[in-house]
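Data first, discussion second: the structure below is written as structure tokens.
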Amino acid sequence: MPATVATRYAQIGSSSINDMSTTSKEKSLASHLKTLHQKASRALILGQNSAAWEHSRTAVENCTIERLAAEYGEQQARQLCCRLWILYICVVSSVTEVAETDGTLRIKQSVDGVRGVPESVRSVWTNVVSAFGGCAGDVDSEVLVPTVLLSLKLRDARTARDIVESWLATLSDEYM
């Protein structure tokens, strides 16, 4: 990739991570979250883990089905939340390494400038469930799978099992 293109993407990725407080009234929350998703995706692809982390973290902190549904509709809110949480889980996977025996996540030594990583995959799952309304069964399987895979990648099989069991336990009979 030519240096000018990489430089431009770096500028896009680093521009105003804390946009949530300065977003104009005309710009909707959904539009802002889509922009953060795009910035985080580009930064992740370019190996700019710090920028990817900040953009994805900011996006999921402001993403709940309930909050988005009012402006965006239930189905679109669910789709956007799925996209944001999947990307967030990918970024967590790229900046962390094997979990400690107690399930605590560690930031990779090769990653600079990343702060505020979740304590564990279990805390990631708790935040996902909260964003989808507080019931594990309401979390789309599209988000469940990467969360379980993250647990397994980080050698935390107990958490992976607990996540699947909590999700299955709350599904309705008609879904099963």
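The values are calculated or read from the model by the stated rules, or taken from the named source; none is laboratory data. Just so you know, these numbers come straight off a predicted model, no measurement behind them. As a convention, Cβ positions derive from the backbone with ideal geometry for all residues, glycine included, and neighbour counts pool all protein chains shown. Ligands, DNA and RNA are stripped out before the accessible areas are found, and what is left, the full protein with its side chains, is counted by its heavy atoms. Shrake-Rupley method; radii C 1.70, N 1.55, O 1.52, S 1.80 Å.
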Accessible-area value, Glu74, 1.4 Å probe, nucleic acids and ligands omitted, Å²: 100 Å²
Please list 3J(HN,Hα) in residue order for the stretch 102-117, calculated via the Karplus relation 6.51 cos²θ - 1.76 cosθ + 1.60 where θ = phi - 60°; whole Hz, with x for glycine and proline. 8, x, 6, 7, 10, 6, 4, 5, 7, 9, 10, x, 9, 10, x, 5
Pseudo-spin-label distance Val145 to Lys34, built 7 Å along Cα→Cβ, given in nm, is 2.5 nm
Using +1 at the C-beta of Lys and Arg and -1 at the C-beta of Asp and Glu, which of Ser120, Leu68, Ala131 has the Cα lying farthest in the positive direction of the dipole of the stretch 32-138? Leu68
For Ala70 and Asp162, what does the FRET efficiency come to when R0 = 30 Å and r is the distance between their Cβ atoms, rounded to the nearest 0.05? 0.40
Where the only charges are on Cβ atoms (+1 Lys, Arg; -1 Asp, Glu), what is the dipole of the stretch 69-168 about its Cα centre, to the nearest 20 debye? 260 debye
hull vol. (C-alpha, convex hull) per residue for the stretch 49-149, Å³ -> 89 Å³
Would you please give the residues with an amide H less than 5 Å from that of Ser120, counting only those at least 5 places away or on a separate chain, with H modeled from the backbone geometry? Leu105
Distance (nanometres) between label positions extended 7 Å along Cα→Cβ at Asp138 and Leu171: 1.8 nm
3J(HN,Hα) from dihedral phi, the stretch 143-150, Karplus parametrisation 6.51/-1.76/1.60, rounded to Hz, x for glycine, proline: 9, 4, 4, x, 5, 5, 4, 4
From the C-alpha gyration tensor of the stretch 124-163, pull out the three semi-axes of the equivalent ellipsoid (sqrt of 5λ each), sorted largest to smallest, in whole Å. 18, 9, 8
Rounded to whole Å², per residue accessible area for the stretch 30-78 with a 1.4 Å probe reads 43 Å²
Please work out the average accessible area per residue across the stretch 107-176, using the 1.4 Å probe convention, and give it in Å². 58 Å²
If packing is taken as the average number of other Cβ atoms within 10 Å across a peptide's residues, how do 105-111, 66-72 rank, most packed first? 66-72, 105-111
Determine the share of the stretch 22-86's accessible area contributed by carbon and sulfur atoms, expressed in whole percent, with a 1.4 angstrom probe. 48 percent
Whenever you get a sec, line up Arg161, Arg42 from highest to lowest accessible area (probe 1.4 Å, protein heavy atoms). Arg161, Arg42
